[in-house]
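Have a look at the structure below, then the notes.
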Amino acid sequence: MQIIKYKSLYPLIPKEYNFGKRRDTFLKAMNMMTESRASVLVETGVARHGLDYSKSDGASTIVFGIYAKNNGAKLYSVDNNPENIVTCQKTIDKMNLSSYVELNTADSIEYLKAFTQKVDFLYIDSYDYNRNNSEIIKASQAHHLEEIKAVEKKLHENSIILIDDCKLPGGGKGKSAIQYLQSNGWKILMNKYQVLLNK
């Protein structure tokens, strides 16, 4: 008999949703957000499947949307694929999160450049990563580095950064971005499948 160990975010999210390798970093990030009273949350790459596939995809937009609702914050999420926005918006509406989550169809780098508010929490997860394709690996890592450069002037001494899909062959999405952040005074707090950083 196989025993499946669920890593849930209960009571934030119902127990049946398993967040697997992302659970601990999600929890730590949200605890830090609570301590710092984060109110402006920014995400690149929306949860295209809503809460479905929480273990494989993370369902981050829903997780941080519920966090925003419970803590008087607002999540600004950007994705360049209109279909992803449409499917995510259905879950946002179904869960009554539309007052706390703003979905935007745009290139994430351009969106971050134009963003006018100070960012308390930044979640990076936009450009899909393919461990079997060296060109996509390079493009994904370069894109996430440019996202950081686009938003860095809007970050502050208490900002929190969480980067998804890092513990992967080739260095993961965050390889170049993390090196850049570390060279500019950012410190790694958790180095797992996701990497969590602050000043």
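FYI, it's all coordinate maths here, none of it is from the lab. None of the values given here were measured: they were computed from a predicted structure. When we count neighbours, we look across all protein chains shown, and the Cβ atoms used for this are built from the backbone with ideal geometry, even at glycine.
What the table below lists for this structure:
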read-out	value
Anchor LYS55: aspartates and glutamates whose Cα lies under 20 Å away (excluding residues fewer than 8 positions away in-chain)	GLU16, ASP24, GLU43, ASP125, ASP128, ASP164, ASP165
Subset of LYS7/LYS94; LYS21/LYS113; LYS15/LYS153; LYS138/LYS199 violating a 28 Å alpha-carbon distance limit	LYS21/LYS113; LYS15/LYS153
Under-5 Å amide H pairs with GLU43, H placed in peptide plane, nonlocal only	TYR76, SER77, VAL78, TYR123
Volume per residue of the C-alpha convex hull in segment 94-188, rounded to whole Å³	128
Antiparallel bridges, percent of DSSP beta bridges restricted to the chain (to nearest 5)	30
D (Stokes-Einstein, µm²/s), Kirkwood Cα radius, the chain, 1.567 mPa s at 4 °C	77
Relative contact order (percent, whole number), the chain, Cα cutoff 8 Å, 6+ residue spacing	19
Gaussian network model of the chain, Cα within-10 Å springs - most flexible of SER140, SER183, SER126	SER183
Per-residue Cβ neighbour rank within 10 angstrom, fewest leading, ASP164, ASP125	ASP164, ASP125
At most 15 other Cβ within 10 Å, DSSP loop - trypsin sites (Lys or Arg not before Pro), segment 1-95	LYS5, LYS15, ARG37
